[in-house]
Amino acid sequence: MKFGDVILTVATTSVIYILVAAVLFMVLISPLGSILAMNTSGIVSMLIAGLLGGVIFAGQIQEESRMKAVGKIAVLLAFVELFAVLIGFPTNSYYGAWTTESLQSMYSTSAWTNADWFAYEGLVTFLNVALNVVLVLVLGFIGLYAGSMLRKPKKT
């Protein structure tokens, strides 16, 4: 699988992921609440996007070792997710307030200095990035692998 094919697969899968996640989030926010809807839509949409990406690009994935090709795509998908989370979370005006509220509910923060707040909020961001990257690696790999198996290779 050429690097250009990997880039095209990642771009297509990312667009599918965003579209499916947005629709699922809108549908699930009322019955599940904001946090559970966001998490559920992210998980389900990554599996769906991986499946569709695997089906669409099954021919290119099957040109070489399926595990190796899917692994390349999953790693690049996780790299894209890393930047999406690093850009998307901290730029949301409510992210800092949510982080502060979460930390105050977990710890006694009355004696914290600005350096403490900076360190703990950075840790929360790091953990969010790590969780999202791991989920995209695992779910993206599963979806892409399963999707590429759904379409039979062309006979030459």
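Any read-out appearing in this document is the output of simple, stated calculations on the displayed coordinates, not a laboratory observation. Just so you know, these numbers come straight off a predicted model, no measurement behind them. Virtual Cβ from ideal backbone geometry, glycine too; neighbours counted across all protein chains shown.
In this structure, is G71 buried (at least 17 other Cβ atoms within 10 Å of the Cβ) and out of contact with any Asp or Glu (no Cβ under 8 Å at 6 or more places or on another chain)? Criteria not met by G71. Looking only at the range 134-143, decide whether some residue is closer than 20 Å to I35 by Cα and in contact with a Leu (Cβ under 9 Å, 6 or more places away or on another chain). Among the residues of the range 134-143, at least one is closer than 20 Å to I35 by Cα and in contact with a Leu (Cβ under 9 Å, 6 or more places away or on another chain), which makes the answer yes. Just one of (1) loosely packed, with under 12 Cβ neighbours inside 10 Å; (2) farther than 27 Å from L51 by Cα fails for E121. It is (1). Condition first: over 23 Å from T12 (Cβ atoms), assigned to a helix (DSSP H, G or I) and among the hydroxyl-bearing types (S, T, Y). Can you find one or more residues in the range 123-139 that meet it? Yes, some residue in the range 123-139 is over 23 Å from T12 (Cβ atoms), assigned to a helix (DSSP H, G or I) and among the hydroxyl-bearing types (S, T, Y). Where helices (runs of 4 or more DSSP H) fall entirely within the range 1-63, those with at least 3 residues that are more than 18 Å from F83 (Cα to Cα) and touching a residue at least 40 places away in the same chain (Cβ under 8 Å) are at 34-56, 58-61. Comparison of A97, A78, A115 shows that the only residue that is assigned to a helix (DSSP H, G or I) and surrounded by 12 or more Cβ atoms within 10 Å (Cβ to Cβ) is A78.
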